Amino acid sequence: MVQEIGLLDENMLLIGSDSDYCFTARARGWEIWRIGQAYGVHEHGASSGKGTDYATELIKINDVLYFAKKWLNADLYRELASDHDELTPEYILTEVSKLQHSRQQCQKLMAQQTSPKTTKPKTQLAQLLHNAIRCHKEGNLQEAETHYSRALELEPNQALALHSLGLIAYQRGDYEDAQEFVSQAIQENPKSALQYNSMGVIYEALQQDAQAQNAFTEAIRRQHDYTEARCNLGQNMIRQGLFDQAESHLKQTVALAPDEATAHLYLGQLYHKQGRWAEAETSLNQTLALQPTFAEACFVMAANYRDQGQLNQALTYQERALQLIPDHPVYLSHYAGLLQETGRLAEALEICHKVITLLPERAEGYYNLGCVLRDQCQFDEAIKANQTAMQHNPDLAEAHWNQAVCLLTTGQTESAWEHYPWRHQVGNQQLYPHQHDLPRWDGNDLKGLRLYVHCEQGLGDALQMARFLPALAARGARVIFGLWRPLAKLMEYIPGADEVIALDWSIPPQVQADVMISLMDIPQILRWSPEQTPAPTQGLTFDPLQQIHWQRHWGQHDFKVGLVWAGSNQHVNDRLRSCSWSAISRLTQASGIHFVSLQRDGVDLKTRQQLEQAGVEDISGDLKDFTDTAAAISNLDLVITVDTAVLHLAATLGKPTWGLLAFCPDWRWMLDRDDSPWYPSLRLFRQTQPGDWDGVFERVQEALIKRLRG
């Protein structure tokens with residue numbers, strides 16, 4: 001009975017003032033009689049007397065150690081513990097250290113004790129281990145743990161039992177206990193490769209990757225052809241970002257064991273992380289040829305296709321992974337993301353709720369739900385989902401960033417700013433790829449300081465936000481503006497910038513400055529609100545000869561309209577914001593208008609033929625950079641464009657601009673308005689249903705007719 005719940009008095013009642021054992025009984029469903037002022041003293045550790053019952057002492061020590069940890073992590077112990085000032089985490093940790101030492105002494109003395117009463121036949125030990133292994137394989141962890149523990153009573157240093165108890169603790173998520181058990185097993189049997197491999201897995205669970213790498217290496221040293229340890233080491237190196245070492249090691253593993261599917265899988269994962277799509281696909285196909293039901297290989301293949309923008313192929317493999325493991329939360333989460341990206345929002349929403357049901361305490365499920373609700377323009381519900389995600393994981397950067405977007409879109413700018421800087425932690429280096437050893441400007445006095453302002457995100461963002469530079473110059477700063485190279489010539493002399501540096505994607509600029517700030521962080525520091533929006537950037541530079549050329553070229557036309565129907569396919573939401581030529585071509589049916597295609601990318605031979613048939617002038621060959629585009633736009637009467645850099649350029653130039661927006665727009669366009677505080681000359685046409693460009697162009701046609709008549 002002592003082994004089951006702890007120490008009892010002579011009437012088989014648990015004295016509730018002993019909070020360790022009170023906790024034990026409470027956890028096991030026993031009724032507690034708590035006596036507030038009764039205290040018991042337990043001497044933990046091993047004495048030298050002949051009659052000492054070391055097994056009972058060991059049980060007592062293990063119980064207190066177990067519930068000392070509970071005291072540090074759970075409210076129940078604090079509820080039951082007596083009111084003593086010394087019951088602090090520091091005090092408990094000190095006592096734990098003493099008890100761990102006592103436990104080691106007790107185990108040694110038990111091994112030395114040779115009482116006839118405790119001597120058991122080897123057959124009984126073998127039977128206990130046999131039963132334990134059987135229960136362990138069947139998943140009956142509690143019964144297996146009982147058998148292993150009884151085996152340790154017969155042979156306290158039994159390595160198999162210690163190692164197996166460590167595995168059970170690992171399966172339950174008690175990683176520190178697992179580490180201690182397996183460490184003891186290694187001490188007893190240091191030649192075991194299996195035990196070092198298990199220790200590596202436990203170290204990874206404890207997020208101690210360097211120690212895990214050493215453990216896997218020790219396992220391989222003891223057994224050269226141990227493919228499981230080799231695969232674990234390869235994956236560990238990938239996790240640490242040691243890609244070259246990982247590739248070399250995994251290739252060696254494949255050479256030793258060409259039929260080891262896991263080694264091919266990890267090579268596929270490595271190539272995928274490096275953006276080596278074709279090599280990743282080859283390795284993953286090899287994995288599936290060896291093991292067609294390998295769900296993880298299907299999952300990685302889906303991610304490989306997804307990152308290439310091949311969403312239909314990605315869906316095929318993601319669904320195949322879910323057929324193999326239907327309720328895998330990670331697979332379901334990624335499936336929801338794919339459904340969201342392909343516009344199947346209702347299905348994505350259903351999957352998100354399923355993930356939350358499976359893992360109600362995980363923040364990622366609520367974050368994914370918030371993203372889908374955002375795309376459905378259910379912003380109130382999206383904000384609630386983001387809040388729940390942040391409650392479960394306050395450091396989930398993606399949830400903060402999504403919350404900032406939702407709040408900005410709904411005009412709640414003041415609340416949005418606390419979340420907006422979290423975008424720097426989402427791990428998306430496409431925002432801005434370079435690092436600088438400069439302090440970040442936090443809004444303090446700039447007088448006499450050199451401030452480096454760098455672009456991030458897209459070209460349109462730079463055109464839009466450069467309007468804030470004069471406010472920084474007015475504070476006394478010398479502003480060095482790092483600008484994407486395609487815009488550098490156009491914005492070379494904009495107000496507020498003392499120096500303009502052209503940014504390349506691969507080469508960090510050499511900057512001499514005192515402080516730095518991202519261009520997109522300036523609205524946050526200046527506490528921008530729609531009512532306090534500076535005028536668009538002035539002083540854009542373009543070739544006057546080009547301007548004159550287009551003026552003469554189009555002089556005979558009364559009304560000239562520029563068209564843009566697609567943005568860069570690298571944009572994360574390009575599938576939503578861009579439309580097809582066939583969708584926008586209906587506008588060209590209007591008479592009395594000379595249409596000009598300002599589209600630079602994606603104009604293939606077939607599209608050129610369609611433009612010619614529709615009577616649309618294609619000038620893409622004349623648009624070498626943004627100065628050429630600006631010169632052309634300056635001679636047009638109207639620009640109609642989806643949400644791209646051309647929209648920002650035309651509106652910055654003050655040209656009448658009609659912006660075509662997806663159902664869920666970018667945050668800067670907010671909701672339920674056809675004008676914008678950013679650009680006085682901009683008029684917005686919004687989808688009323690996801691993907692409904694027909695309704696947009698029907699309203700644009702009506703507006704064009706009115707414009708011509710007016």
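Please determine whether any residue of region 517-525 is under 13 Å from M465 (Cβ atoms), touching a residue at least 60 places away in the same chain (Cβ under 8 Å), of a type in the set (A, V, I, L, M, F, W, C) and open to solvent by 30 Å² or more (accessible area, probe 1.4 Å).
Within region 517-525, the first condition is being under 13 Å from M465 (Cβ atoms), and the residues that meet it are 517-525.
If we keep only those that are touching a residue at least 60 places away in the same chain (Cβ under 8 Å) too, we end up with 517-522, 524-525.
Now drop any that are not of a type in the set (A, V, I, L, M, F, W, C), which leaves 517, 519-520, 522, 525.
With open to solvent by 30 Å² or more (accessible area, probe 1.4 Å) added as a condition, the list becomes 525.
Checked against the condition, which is being under 13 Å from M465 (Cβ atoms), touching a residue at least 60 places away in the same chain (Cβ under 8 Å), of a type in the set (A, V, I, L, M, F, W, C) and open to solvent by 30 Å² or more (accessible area, probe 1.4 Å), region 517-525 yields at least one hit.
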(message) Which of the numbered conditions does Y420 fail, given that it passes all the others? Conditions: (1) crowded, with 20+ Cβ neighbours inside 10 Å; (2) among the hydroxyl-bearing types (S, T, Y); (3) more than 26 Å from the chain's Cα centre (by Cα).
(response) (3)
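Inside region 202-215, can you point out the residues that are over 27 Å from the mean Cα position of the chain (by Cα) and open to solvent by less than 50 Å² (accessible area, probe 1.4 Å)? Show your work before the answer.
The initial filter retains those residues of region 202-215 that are over 27 Å from the mean Cα position of the chain (by Cα), namely 214-215.
Within region 202-215, just A215 meets the criteria.
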(request) Go through (1) under 28 Å from Y203 (Cβ atoms); (2) open to solvent by 50 Å² or more (accessible area, probe 1.4 Å); (3) assigned to a helix (DSSP H, G or I); (4) not charged (D, E, K, R) one by one and return the number of the condition A169 breaks. (result) (2)
(request) Show the residue pairs that are 6+ apart or on different chains and have beta-carbon atoms under 8 Å apart, the first residue being within region 688-708 and closer than 14 Å to T588 by Cα and among the hydrophobic types (A, V, I, L, M, F, W, C), the second being open to solvent by less than 80 Å² (accessible area, probe 1.4 Å) and assigned to a helix (DSSP H, G or I). (result) F697/A583; F697/I584; F697/R586; F697/L587; V700/L587; L704/L587
(message) Looking at region 440-462, can you tell me whether even one residue there is in contact with a Leu (Cβ under 6 Å, 6 or more places away or on another chain), without any contact (Cβ under 8 Å) to a residue 12 or more places away in the chain and part of a helix (DSSP H, G or I)?
(response) no
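Give the residue, chosen from L587, L611, L647, L598, that is touching a residue at least 12 places away in the same chain (Cβ under 8 Å), surrounded by 23 or more Cβ atoms within 10 Å (Cβ to Cβ) and farther than 23 Å from P677 by Cα. Talk me through it step by step, then tell me what you get.
On the way: L587 fails: surrounded by 23 or more Cβ atoms within 10 Å (Cβ to Cβ); L611 fails: surrounded by 23 or more Cβ atoms within 10 Å (Cβ to Cβ); L647 fails: farther than 23 Å from P677 by Cα.
The match here is L598.
Consider E296 carefully, then state whether it is charged (D, E, K, R) and under 24 Å from the mean Cα position of the chain (by Cα). Give the steps one after another, and end with the answer.
Values: charged (D, E, K, R): yes; under 24 Å from the mean Cα position of the chain (by Cα): yes.
In short, yes.
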(message) Can you tell me which residue is nearest to A246 (Cα to Cα) among those in region 184-195 that are part of a helix (DSSP H, G or I) and open to solvent by less than 40 Å² (accessible area, probe 1.4 Å)?
(response) A193
(request) Quick one: D375 ticks every box in (1) closer than 16 Å to R423 by Cα; (2) of a type in the set (D, E, K, R); (3) open to solvent by less than 50 Å² (accessible area, probe 1.4 Å) except a single one, so which number is it? (result) (1)
(message) Being hydrophobic (A, V, I, L, M, F, W, C) and not in a helix (DSSP H, G or I) is the filter here; which residues of region 351-387 pass it?
(response) L359, C377
(request) Scan region 615-638 for residues that are of a type outside the set (D, E), surrounded by 16 or more Cβ atoms within 10 Å (Cβ to Cβ) and in a loop (DSSP other than H, G, I, E, B) and jot them down. (result) V616, I619, L623, S634, N635, L636
(message) Filter region 527-567 down to the residues that are open to solvent by 50 Å² or more (accessible area, probe 1.4 Å), among the hydrophobic types (A, V, I, L, M, F, W, C) and closer than 30 Å to E414 by Cβ and list them by number.
(response) A535
(message) For region 388-424, which positions are in contact (Cβ under 8 Å) with a residue 24 or more places away in the chain, assigned to a loop (DSSP other than H, G, I, E, B) and closer than 17 Å to R362 by Cα?
(response) N393, L396
(request) Determine which single condition G654 fails, assuming it passes every other condition in (1) in a helix (DSSP H, G or I); (2) within 19 Å of P534 (Cα to Cα). (result) (1)
(request) Could you check R467 against (1) outside any strand (DSSP E or B); (2) more than 28 Å from K624 (Cα to Cα); (3) open to solvent by less than 40 Å² (accessible area, probe 1.4 Å); (4) at pLDDT 95 or above and say which number it fails? (result) (2)
(message) For region 148-162, give me the residue count where each residue is buried (at least 23 other Cβ atoms within 10 Å of the Cβ) and not hydrophobic (A, V, I, L, M, F, W, C).
(response) 1
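Just need a number here: residues in region 507-516 that are open to solvent by 50 Å² or more (accessible area, probe 1.4 Å) and not β-branched (V, I, T).
The initial filter retains those residues of region 507-516 that are open to solvent by 50 Å² or more (accessible area, probe 1.4 Å), namely 507-508, 510, 512, 514.
Subsequent filtering for residues that are not β-branched (V, I, T) retains 508, 510, 512, 514.
Selection size over region 507-516: 4.
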(request) Taking the residues in region 322-363 that are surrounded by fewer than 18 Cβ atoms within 10 Å (Cβ to Cβ) and of a type in the set (S, T, N, Q) as candidates, determine which candidate is nearest to Q310 (Cα to Cα). (result) T342
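The values are calculated or read from the model by the stated rules, or taken from the named source; none is laboratory data. These figures come from a predicted structure and were not determined experimentally. Cβ sites come from the backbone with ideal geometry, for glycine too, and all protein chains shown count toward neighbours. Note: accessible area is taken over every heavy atom of the protein model, side chains too, but ligands, DNA and RNA are not part of it. Shrake-Rupley method; radii C 1.70, N 1.55, O 1.52, S 1.80 Å.
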